[in-house]
1. In what order do VAL55, VAL92 fall by count of nearby beta-carbon atoms within 10 Å, going from fewest to most?
2. For the residue pair SER105 and ALA14, what label-to-label distance in nm results when each label sits 7 Å from Cα along the Cα-to-beta-carbon direction?
3. With labels modelled as points extended 7 Å from the Cα through the Cβ direction, what inter-label distance (nm, one decimal) is found for ALA64 paired with LYS114?
4. Out of the range 1-107, which chymotrypsin sites (Phe, Trp or Tyr not before Pro) are coil in DSSP terms and have no more than 11 other C-beta atoms within 10 Å?
5. Between the range 1-22 and the range 90-112, how far is it from one alpha carbon centroid to the other, in angstrom?
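No lab work stands behind these numbers, since they all come straight from the coordinates. On a predicted model such as this, the values are computed, not experimentally measured, just so you know. Positions of Cβ are backbone-derived with ideal geometry, glycine not excepted, and every protein chain shown enters the neighbour counts.
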Amino acid sequence: MFVNAIKPANGPEAIGPYSPAVKLGDFVYLSGQLPIDPKTNALVDGDIRFQTTQVLENIKNLLAEMGLETRHVLKTTVFLSDMNNFGVMNEVYGSYFQEPYPARSAVQVAALPKGALVEIECFVVDTLAYEQAACGSGCCGGDCGDEGCEGDCCDNCK
């Protein structure tokens, strides 16, 4: 099968018949991540700030399982149980992403699993192979020199 399920060792267990993430080629789809503590598999106590932080930490851990970072996220959908929490969620969310920010939708829903206040799903593109190719192509061959560098390729060379 061409689709690979991604199940992080340091992530919460799925609470149903789904994969935390699936990867097909360069495309990665992250299931909605809840504010579940990966150590206890229980919903974290706390307000929207604390729950949003846990969701985004779970997303970071899931991405790290594939060697990816939040910069690889192209699109998110944020589900809120109360749109009045949008401002605080947005503040926390903004601390996890840099420009260019992912495209995003945010919607209020009637309820979320386990009584969560927030859930976030992501569409991700794994560009690591392309980044490594660019690093050796002269654009980022270790010394940009007089040629200069286009975009962020030198910053992403590891």
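1. On the way: VAL55 26, VAL92 18.
Arranged by neighbour count, lowest to highest, VAL55, VAL92 become VAL92, VAL55.
2. 2.2
3. In this crude spin-label approximation the distance works out to 1.8 nm.
4. Sparse-neighbourhood loop chymotrypsin sites (Phe, Trp or Tyr not before Pro): PHE2, TYR18.
5. 22
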